[in-house]
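Novice: I am attaching a structure below and will ask some questions about it afterwards.
The values are calculated or read from the model by the stated rules, or taken from the named source; none is laboratory data. Because the structure is predicted, anything quoted here is derived from the model rather than measured. Reconstructed Cβ throughout: ideal geometry from the backbone, glycine too, with neighbour counts over all protein chains shown.
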Amino acid sequence: GAGVSQSPSNKVTEKGKDVELRCDPISGHTALYWYRQSLGQGLEFLIYFQGNSAPDKSGLPSDRFSAERTGGSVSTLTIQRTQQEDSAVYLCASSLARDHYGYTFGSGTRLTVV
Amino acid sequence: QKEVEQDPGPLSVPEGAIVSLNCTYSNSAFQYFMWYRQYSRKGPELLMYTYSSGNKEDGRFTAQVDKSSKYISLFIRDSQPSDSATYLCAMSGNGNNRLAFGKGNQVVVIP
């Protein structure tokens, strides 16, 4: 596709349930990033995938969060045993390798934990 | 201290006014500086970018970087209602594509 596609666009889940968020990056972009945007908190880095290298997971807030990227393309962010503080917009971006300026963001998944 | 500080206060200006936004940062390794614009319910989109210190102009938009002061600015001239959005500064350093973002400023341009 022409842009970064994220699904679902909105997700409401009960506390304690697991959720999966999907990101389909721009074709040919080898770098993929997940960020979290909470109200008044700006964008918080979560995880970074670059080609076949080991991902940079240094931003994941707890072991309830995990992500994978299959075949160097689609990525899934999984949150286990969701908590109310996980409510936020989860944004995915992709770029060409070593391209500091070329991030393209998706529209995000708005997660609400009730 | 956060790596990037951006006063998140909202800003309302009349149409045609100059909008001035700024960020400070603490990491001297940052070399790449960007401004993103984010409309409601959308992802951020790259608006301006500069490398190291200096000014860059693109139409009504001017980005400035002062590395000695660790201070970056964005100016919007002749602001339009369509400029109403949240503006986020972002930056990164050599060897690391990960962007550090400010909290963003919500700008409202009143017709």
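Novice: Only one of these is in contact with a helix residue (DSSP H, G or I) (Cβ under 9 Å, 6 or more places away or on another chain) and within 14 Å of chain B (Cβ to nearest Cβ): A:SER38, A:SER107. Name it.
Specialist: Working: A:SER107 fails: in contact with a helix residue (DSSP H, G or I) (Cβ under 9 Å, 6 or more places away or on another chain).
Just a single option satisfies the conditions, and that option is A:SER38.
So that you can scan it fast, the table gives a plain yes or no per residue for (1) assigned to a strand (DSSP E or B); (2) free of Cβ contacts under 8 Å to residues at least 24 places away in the same chain:
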| position | (1), (2) |
| --- | --- |
| B:PRO8 | no, no |
| B:TYR36 | yes, no |
| B:LYS42 | no, yes |
| B:LEU46 | yes, yes |
| B:GLU57 | yes, yes |
| B:VAL65 | yes, no |
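Novice: Can you confirm whether B:SER53 is modelled with pLDDT under 95, over 24 Å from A:SER95 (Cβ atoms) and polar (S, T, N, Q)?
Specialist: When the stated conditions are applied, B:SER53 does not pass them.
Novice: Need a quick list: strands (runs of 3 or more DSSP E) entirely within region A:41-114 having at least 3 residues that are at pLDDT 95 or above, within 13 Å of the chain's Cα centre (by Cα) and farther than 23 Å from B:GLY104 by Cα.
Specialist: It comes to A:65-69, A:75-79.
Novice: Sticking with this one: When only residues in region B:78-106 that are modelled with pLDDT of 90 or more and more than 14 Å from the chain's Cα centre (by Cα) count, which is surrounded by the most Cβ atoms within 10 Å (Cβ to Cβ)?
Specialist: Ranking the qualifying residues of region B:78-106, first place goes to B:SER79.
Novice: For region A:88-100: of the residues being over 24 Å from B:ARG41 (Cβ atoms) and not acidic (Asp, Glu), which is surrounded by the most Cβ atoms within 10 Å (Cβ to Cβ)?
Specialist: A:HIS100
Novice: Hey, any hits in region A:41-58 for a residue that's among the charged types (D, E, K, R), surrounded by 14 or more Cβ atoms within 10 Å (Cβ to Cβ) and more than 30 Å from B:ASP7 (Cα to Cα)?
Specialist: For region A:41-58, residues among the charged types (D, E, K, R), surrounded by 14 or more Cβ atoms within 10 Å (Cβ to Cβ) and more than 30 Å from B:ASP7 (Cα to Cα): absent.
Novice: If you go through region A:72-94, how many residues are in contact with a strand residue (DSSP E or B) (Cβ under 7 Å, 6 or more places away or on another chain) and more than 18 Å from A:ARG36 (Cβ to Cβ)?
Specialist: Matching residues across region A:72-94 total 1.
Novice: So, in region A:59-104, of the ones that are more than 14 Å from chain B (Cβ to nearest Cβ) and of a type in the set (Asp, Glu), which residue ends up nearest to A:GLN6 (Cα to Cα)?
Specialist: A:GLU68
Novice: Looking at region B:54-64, can you tell me whether even one residue there is among the acidic types (Asp, Glu), surrounded by 13 or more Cβ atoms within 10 Å (Cβ to Cβ) and more than 14 Å from chain A (Cβ to nearest Cβ)?
Specialist: No, because not a single residue in region B:54-64 is among the acidic types (Asp, Glu), surrounded by 13 or more Cβ atoms within 10 Å (Cβ to Cβ) and more than 14 Å from chain A (Cβ to nearest Cβ).
Novice: Something else now. Quick check on region A:59-75: of everything there that is of a type in the set (A, V, I, L, M) and farther than 26 Å from B:TRP35 by Cα, which residue is surrounded by the fewest Cβ atoms within 10 Å (Cβ to Cβ)?
Specialist: A:VAL74
Novice: Further question: Would you confirm whether or not region B:95-107 contains a residue that is more than 14 Å from every other protein chain (Cβ to nearest Cβ) and in contact (Cβ under 8 Å) with a residue 12 or more places away in the chain?
Specialist: Among the residues of region B:95-107, at least one is more than 14 Å from every other protein chain (Cβ to nearest Cβ) and in contact (Cβ under 8 Å) with a residue 12 or more places away in the chain, which makes the answer yes.
Novice: Let me ask something else about it. Just for region A:9-18: of the residues that are touching a strand residue (DSSP E or B) at 6+ places or on another chain (Cβ under 6 Å) and under 29 Å from B:VAL4 (Cβ atoms), which one is surrounded by the most Cβ atoms within 10 Å (Cβ to Cβ)? Write out each step before concluding.
Specialist: We begin by selecting, within region A:9-18, every residue touching a strand residue (DSSP E or B) at 6+ places or on another chain (Cβ under 6 Å); these are A:10-13, A:15.
Narrowing the set further to residues that are under 29 Å from B:VAL4 (Cβ atoms) leaves A:10-11.
On the way: A:ASN10: 12, A:LYS11: 17.
Checked region A:9-18; the qualifying residue surrounded by the most Cβ atoms within 10 Å (Cβ to Cβ) is A:LYS11.
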